[in-house]
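To start, the structure itself, in structure tokens.
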Amino acid sequence: MSQTTLHEVAIGYLLTHQAEHLAHDRHYLIERCAEHLQGHGATVERAHIVALQALGEVETRATKAHVELTHCTSFAVFVVDPVTRARIAFTAADLIRLAREHASRNESAVTRH
């Protein structure tokens, strides 16, 4: 299955099933989505990556925030604030710190593959 088609399957799955996770258990939702994608022929690693990419799109649709890829490097990610249009930079170290903070509250969607 192509990357685009797999992404569309993931988006559809998340939109259909996100309301089932009233406690906002993102980790469980991602795991279920990844299992669904594996049923469509994706490897475990690819299924988790596509599920996380789809989650990013679904969760961000309402805010219109986006990552400005033209300025990103392996060490810095630039996000555009949809209200102020300001460019906000996060270093890889910032993102690790934020991920650990979220993980301590069980809010992160993380893959270890």
Convex hull of the range 1-62 built on C-alpha atoms - directionally averaged projected area, nm²: 3.8 nm²
Angle in degrees between helix 44-60 and the longest Cα principal axis of the chain, rounded to the nearest 10: 60 degrees
Distance between modelled label sites at residue 44 and residue 104, nm, 7 Å Cα→Cβ extension: 2.9 nm
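From the Cα gyration tensor of the range 64-103, with a ≥ b ≥ c the square roots of its eigenvalues, which class applies: rounded if a/c is under 1.5, or else prolate if a/b is larger than b/c, or else oblate?
Values: a/c = 2.67, a/b = 1.43, b/c = 1.86.
The shape class here is oblate.
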Angle between the chain longest axis and helix 26-38 axis [Cα atoms, degrees, rounded to 10]: 50 degrees
Most fluctuating residue given options 102, 27, 48, as computed from a GNM of the chain linking Cα atoms under 10 Å: 102
Sequence-distant residues sharing a close amide H with residue 72 (under 5 Å, placed H): 78
Farthest positive-ward along the chain dipole, Cα basis, beta-carbon charges - from 52, 91, 38: 91
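By how many nm would the segment from residue 71 to residue 87 lengthen if fully extended, with 0.36 nm per residue of separation less the alpha-carbon distance? Show your work: numbers first, answer last.
On the way: separation 16, 0.36 × 16 = 5.76 nm, distance 1.00 nm.
My answer for the length gained is 4.8 nm.
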Tilt relative to the chain, helix 92-104 - C-alpha long axis, 0 to 90 degrees, to 10: 50 degrees
Virtual spin-label span in nm between residue 80 and residue 15, 7 Å along Cα→Cβ: 2.3 nm
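Take the Cβ-Cβ distance between residue 8 and residue 63 as r, set R0 to 22 Å, and report the resulting FRET efficiency rounded to the nearest 0.05.
Computed FRET efficiency for residue 8 and residue 63 comes out at 0.55.
Placing unit charges on C-beta atoms (Lys and Arg positive, Asp and Glu negative, everything else neutral), compute the dipole magnitude of the range 1-89 about its Cα centre in debye, rounded to 20.
Working: 7 positive and 10 negative charges, 59 e Å.
Result for the range 1-89 is approximately 280 debye, rounded to the nearest 20.
Computed from the coordinates by the stated procedures, all read-outs in this text should not be read as laboratory data. If you're wondering where the values come from, they're calculated on a predicted model, not measured in any experiment. Ideal geometry is used to build each Cβ from the backbone, glycine not excepted, and the neighbour counts take in all protein chains shown.
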